[in-house]
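Undergrad: One structure, pasted below without further comment.
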Amino acid sequence: MQARMKNPAFVLPAAMKGIGALSQAIGESGLRQDVAEFAGLRASQINGCGACVHGHTVNLRKAGVSEERIAAVAAWRHAPFFSDTERAALRLAEAMTRLADLSGESVPDALWDEVADHFDEKELAGLILTIALTNLFNRINTTVQEPAGTTWG
């Protein structure tokens with residue numbers, strides 16, 4: 001499989017500067033890497049982005065997360081392997097990702113309150129930006145048909 005074109009963020013280098021600034025801000029938020037990767041993996045699974053599913057899986061392995069936990073992300077509600085904090089992040093990732101044809105709030109107050117109980121303001125900002133940036137990458141990659149296993153260096 002080959003992508004339809006080079007990643008648009010590399011075609012327009014100024015886009016990479018913005019993405020880089022967002023990534024740096026996320027890194028400075030204090031959000032745990034495994035939580036960010038779990039949220040990114042779940043959003044990428046929902047969006048069918050093979051490149052990002054692969055990337056988040058690789059990053060979780062590098063962070064020392066067990067195969068059992070990685071494999072269970074798609075069915076996290078039915079798996080005992082996740083903390084309440086991780087579950088809150090996964091719920092938020094799903095709510096922020098499933099926006100099509102909304103008939104209610106994208107993030108209901110009850111979910112917001114749950115997530116806010118687990119993260120301080122900086123961590124929450126990092127989590128929201130992580131999920132939003134993942135959704136951006138998912139939309140780019142699925143459009144250009146970026147194959148799984150791609151590295152961006």
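The values are calculated or read from the model by the stated rules, or taken from the named source; none is laboratory data. Keep in mind that this is a model prediction, so the values were computed, not measured. Because the Cβ atoms are built from the backbone with ideal geometry, glycine has one as well, and the counts that use them run over all protein chains shown. Heavy atoms of the whole protein, side chains included, go into the accessibility calculation; ligands, DNA and RNA do not. Shrake-Rupley method; radii C 1.70, N 1.55, O 1.52, S 1.80 Å.
Undergrad: For region 137-151, what are the residues that are in contact with a helix residue (DSSP H, G or I) (Cβ under 8 Å, 6 or more places away or on another chain) and either open to solvent by 30 Å² or more (accessible area, probe 1.4 Å) or not in a helix (DSSP H, G or I) (or both)?
TA: If the condition is that a residue be in contact with a helix residue (DSSP H, G or I) (Cβ under 8 Å, 6 or more places away or on another chain) and either open to solvent by 30 Å² or more (accessible area, probe 1.4 Å) or not in a helix (DSSP H, G or I) (or both), then Phe137, Arg139, Ile140, Thr142, Glu146, Pro147, Ala148, Gly149, Thr150 are the ones that fit.
Undergrad: Still on this structure: Give the residues of region 42-86 that are touching an Asp or Glu at 6+ places or on another chain (Cβ under 8 Å) and among the β-branched types (Val, Ile, Thr), sorted by residue number.
TA: Correct list: Ile46, Val65.
Undergrad: On to the next question. At pLDDT 95 or above, within 21 Å of Phe137 (Cα to Cα) and in a helix (DSSP H, G or I): is that true of Arg87 in this structure?
TA: Considered against the rule, which asks whether it is at pLDDT 95 or above, within 21 Å of Phe137 (Cα to Cα) and in a helix (DSSP H, G or I), Arg87 comes out as no.
Undergrad: While we're on this one: Going residue by residue through region 85-95, is there one that turns out to be under 21 Å from Val144 (Cβ atoms) and open to solvent by less than 70 Å² (accessible area, probe 1.4 Å)?
TA: Within region 85-95, not a single residue is under 21 Å from Val144 (Cβ atoms) and open to solvent by less than 70 Å² (accessible area, probe 1.4 Å).
Undergrad: Sticking with this one: If you take the residues of region 70-84 that are farther than 21 Å from Asn141 by Cβ, open to solvent by less than 60 Å² (accessible area, probe 1.4 Å) and touching a residue at least 24 places away in the same chain (Cβ under 8 Å), which of them is nearest to the chain's Cα centre (by Cα)? Spell out the reasoning first.
TA: Here is the first cut: in region 70-84, the residues farther than 21 Å from Asn141 by Cβ are 71-72, 75-84.
Filter again for open to solvent by less than 60 Å² (accessible area, probe 1.4 Å), leaving 72, 75-76, 79, 82-83.
Filter once more, so that each one left must be touching a residue at least 24 places away in the same chain (Cβ under 8 Å): 76, 82.
Numbers: Trp76: 15, Phe82: 16 Å.
Checking each candidate, the answer is Trp76.
Undergrad: Give all pairs with beta carbons closer than 9 Å in which a residue from region 1-29 that is free of Cβ contacts under 8 Å to residues at least 24 places away in the same chain meets a residue that is part of a helix (DSSP H, G or I) and among the aromatic types (Phe, Trp, Tyr); count only pairs at least 6 apart in sequence or on separate chains.
TA: Close Cβ pairs (under 9 Å, with a partner that is part of a helix (DSSP H, G or I) and among the aromatic types (Phe, Trp, Tyr)) amount to Met16/Phe10.
Undergrad: Hey, among Gly30, Gly20, Gly40, which residue is assigned to a helix (DSSP H, G or I) and open to solvent by 30 Å² or more (accessible area, probe 1.4 Å)?
TA: Details: Gly30 fails: assigned to a helix (DSSP H, G or I); Gly40 fails: open to solvent by 30 Å² or more (accessible area, probe 1.4 Å).
Being assigned to a helix (DSSP H, G or I) and open to solvent by 30 Å² or more (accessible area, probe 1.4 Å) holds for just one of Gly30, Gly20, Gly40, which is Gly20.
Undergrad: Please indicate, with yes or no, whether at least one residue in region 113-127 is under 24 Å from His54 (Cβ atoms) and buried (at least 16 other Cβ atoms within 10 Å of the Cβ).
TA: From region 113-127, those under 24 Å from His54 (Cβ atoms) are 126-127; that's our starting set.
Subsequent filtering for residues that are buried (at least 16 other Cβ atoms within 10 Å of the Cβ) retains 126-127.
Yes: one or more hits.
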